[in-house]
Amino acid sequence: MPSHASAEGHRPIMLSRSESSDRSVRVDWSTYATAYDLLSEHNPEYQALLRDFEAFLATIETPKVIYDIGGGTGNYTEIAARACPGSEIHFVEPDAGMIGLARAKLAAHGNTNYETLALEDIDAPSTADLVICVHALYAMPAPEQRLADMRRLLRPGGLLYLIDLGRHMNVADWRSYLFSHLRKEHGLARTLRVFWQGREIAKQNTAIFKAQKTGVYWTHTEAEIASAATAADFEILRQDTVYRGYSDLLVCRAKP
Ligand SMILES: C[S@@+](CC[C@H](N)C(=O)[O-])C[C@H]1O[C@@H](n2cnc3c(N)ncnc32)[C@H](O)[C@@H]1O
């Protein structure tokens, strides 16, 4: 899933899990961006998460201020912008390629502000009613501190909708899952075409796996992410294992 580039261009940012670590990784998010939506559209597990988010939004009071952190190509913000046209949405995404696609996708929604920044570089008051962060936390430096950053963006009682990849990305497992799903739905010729067009995804997912193995990207169990959220002063309202067991979904409330 992830890679990083600076706001000014496509210069990759080296990620380090700790200052003492000399391990680093680059996942090229900009290269990932162009193929990202193609595979997302064809991945029923990704679509199920979008539906979960839409259903979640329908259960809460309309949030006035929303942050989408690591918003990628804008799929979650698109749902929020449609469901909450009167809300002020802050789309936070450090990668120029990703945010470029998001801007184009969200052009019809005037209520979105774009911030080409990493979460750790945001300086904002604690006014958010809702923070969304999907499949981005694991790629951030010091994720436990980033949870605290998200807590700081929220007003007391505000909500965090968090999904995070926690387990090692098994590229072969995903490839065979998607291949058999697509083949059943669309036939072999179209499946091969989608795989060819989306070949960059497999490359970036392999980079993610390597980053996880070297500890540059965070991996966690259900219990570990729950305890990190609690330590960041969140009350967990809901927790599920999602995305074929690879990810955790948490809905949390910012404690006063
Ligand atoms: C796999 S994509 C997920 C995009 C989107 N949330 C979705 O689910 O479709 C992860 C995104 O996290 C972003 N990201 C990585 N490090 C970040 C950081 N420190 N702060 C904010 N976003 C970051 C990447 O640039 C990338 O676009």
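Just so it is clear, none of the values below were taken in a lab; they were calculated from the coordinates. These figures come from a predicted structure and were not determined experimentally. No Cβ is skipped: glycine too gets one built from the backbone with ideal geometry, and neighbour counts run over all protein chains shown.
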key: Selection from GLY86, LEU192, TYR76, by position along the positive dipole direction of the chain (Cβ)   = LEU192
key: Check: the chain dipole with +1 on Lys, Arg Cβ and -1 on Asp, Glu Cβ, in debye   = 800 debye
ask   = Which residue fluctuates the most in the chain, going by a Gaussian network model with Cα springs under 10 Å, if the choices are THR127, THR221, THR59?
value = THR59
ask   = Considering only HIS220, LEU119, SER30, whose Cα is most displaced toward the positive end of the charge dipole of the chain, charges sitting on Cβ of Lys, Arg (+1) and Asp, Glu (-1)?
value = SER30
key: Binned Cα-Cα distance frequencies in region 166-256 - 5 Å width, integer %   = 3, 12, 17, 17, 15, 13, 11, 7, 4, 1, 0
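Determine the dipole magnitude for region 106-256: charges of +1 sit on the beta-carbon of Lys and Arg, -1 on that of Asp and Glu, nothing else is charged, the reference point is the Cα centre, and the result goes in debye to the nearest 20.
On the way: 18 positive and 17 negative charges, 167 e Å.
It works out to roughly 800 debye.
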remark   = Result: in the chain the number of Lys pairs with C-alpha under 28 Å apart, spaced 8 or more or on different chains, is 5
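Suppose only helical runs count, i.e. DSSP H with n ≥ 4. What mean residue ellipticity at 222 nm does that imply for the chain under -39500 (n - 2.57) per run, divided by all residues and rounded to the nearest 500 deg cm²/dmol? Don't jump to the answer; show the numbers that get you there.
On the way: 9 runs with 111 residues, N = 256.
Computed mean residue ellipticity for the chain: -13500 deg cm²/dmol.
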ask   = Considering the chain as a Gaussian network with a 10 Å cut-off on Cα pairs, which listed residue, ALA189, ALA139, ALA228, attains the greatest mean-square fluctuation?
value = ALA189
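Where the only charges are on Cβ atoms (+1 Lys, Arg; -1 Asp, Glu), what is the dipole of region 98-157 about its Cα centre, to the nearest 20 debye?
Numbers: 6 positive and 7 negative charges, 44 e Å.
In total the dipole reaches around 220 debye.
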query = Once you treat every alpha carbon in region 50-186 as an equal point and sum by Debye, what is log10 I(q)/I(0) at q = 0.15, 0.20 Å⁻¹?
reply = -0.76, -1.21
request  = Quick one: go through region 141-182 and flag any residue whose amide nitrogen is under 19 Å from the point 7 Å out along the Cα-to-Cβ line of ARG244.
outcome  = 163-182
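Rg to Rh for the chain: what is it, with Cα atoms only and Rh by Kirkwood?
On the way: Rg = 17.4 Å, Rh = 18.4 Å.
Here the Rg-to-Rh quotient is 0.94.
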key: In order through region 122-134: 3J(HN,Hα) via Karplus (6.51 cos²θ - 1.76 cosθ + 1.60), integer Hz, x for Gly, Pro   = 7, 10, 9, x, 7, 10, 5, 8, 8, 10, 10, 8, 10
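Of all the C-alpha pairs in region 55-110, what % are more than 12 Å from each other? Don't skip to the answer; put the middle values down first.
Details: 953 of 1540 pairs.
That tail contains 62 percent of the Cα-Cα pairs.
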note = In nm, the gap between the two label points placed 7 Å beyond Cα toward Cβ at THR127 and GLU224 is 3.7 nm
inquiry  = 7 Å from Cα along Cα→Cβ at both LYS255 and ALA55: what's the point-to-point distance in nm?
reply    = 3.0 nm
